[in-house]
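The values are calculated or read from the model by the stated rules, or taken from the named source; none is laboratory data. Just so we're clear, the structure is a prediction, and the values are computed from it rather than from any experiment. Glycine also receives a Cβ, built like all others from the backbone with ideal geometry; neighbour counts cover every protein chain displayed.
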Amino acid sequence: MLDTMTFTKAAGGICGALLVFLLGKWAAEELYHVDAHGEAAYVIEVESGEDVAEVEEVDFATVLASASVEDGAKVFRKCSACHKLEDGANGTGPHLYGVVGRDKGAVDGFAYSDTLASMDGDWSAENLSGFLERPSSYAPGTSMSFAGLKKVEDRADVIAYLDSLDD
């Protein structure tokens, strides 16, 4: 049987925990102001969406024309953990010597993922840019786990650097 003192201790413990929880909730609401009260003191007027200027998309060839080989060498450091630049020296990924203009999945002795092995065409600057932007979107199922280069300038710099390495 449950005696009165044990029941009182258990009930007191539950009530104490509830009290701590409620006080913590109250303190957090006071500190972080979860609910907004009243109106905004300063309202910024925004014109309708029709007159908003659209962002001009720059042609990749234009960005590539102004790419920096030196900056590309710096950005390539992200790639150097898996890719080698010497002809025939594969690492975790295939060697990148002469990659610009080379057929996709064409490095002898490298086991490409089925996705890249089945792709037709060559690694043009535009194809490389699409792949480097987000490899998993360009070639779903690729074994390359690199997240990608978001900036078009970084992609152009790396491609210019890789293109400068072969004869």
What is the residue count in the stretch 1-36 for residues that are over 37 Å from the mean Cα position of the chain (by Cα) and modelled with pLDDT under 85? 2
Please indicate, with yes or no, whether at least one residue in the stretch 107-122 is at pLDDT 90 or above and in contact with a Ser or Thr (Cβ under 8 Å, 6 or more places away or on another chain). no
Which members of the stretch 122-151 meet the condition of being touching a residue at least 12 places away in the same chain (Cβ under 8 Å), within 20 Å of Gly101 (Cα to Cα), small (Gly, Ala, Ser) and out of contact with any Lys or Arg (no Cβ under 6 Å at 6 or more places or on another chain)? Ser124, Ala125, Ala139
Residues in the stretch 87-120 that are under 23 Å from Asp154 (Cβ atoms) and of a type outside the set (A, V, I, L, M): how many? 10
Restricting to the stretch 89-100, name every residue that is of a type outside the set (Ser, Thr, Tyr) and free of Cβ contacts under 8 Å to residues at least 60 places away in the same chain. Ala89, Asn90, Gly91, Gly93, Pro94, His95
Can you find a residue that is more than 19 Å from the chain's Cα centre (by Cα), among the aromatic types (Phe, Trp, Tyr) and buried (at least 20 other Cβ atoms within 10 Å of the Cβ) anywhere in the stretch 146-167? yes
Tell me, please, whether a residue that is under 30 Å from Gly130 (Cβ atoms), assigned to a loop (DSSP other than H, G, I, E, B), at pLDDT 85 or above and aliphatic (A, V, I, L, M) can be found in the stretch 59-75. yes
Which of (1) out of contact with any Gly (no Cβ under 6 Å at 6 or more places or on another chain); (2) buried (at least 16 other Cβ atoms within 10 Å of the Cβ); (3) touching a residue at least 24 places away in the same chain (Cβ under 8 Å); (4) of a type in the set (Val, Ile, Thr) does Val58 not meet, given it meets every other one? (2)
Output for Cβ contacts, cut-off 7 Å, separation at least six or different chains, first residue at positive phi in the stretch 65-88, second modelled with pLDDT of 90 or more and part of a helix (DSSP H, G or I), reads none
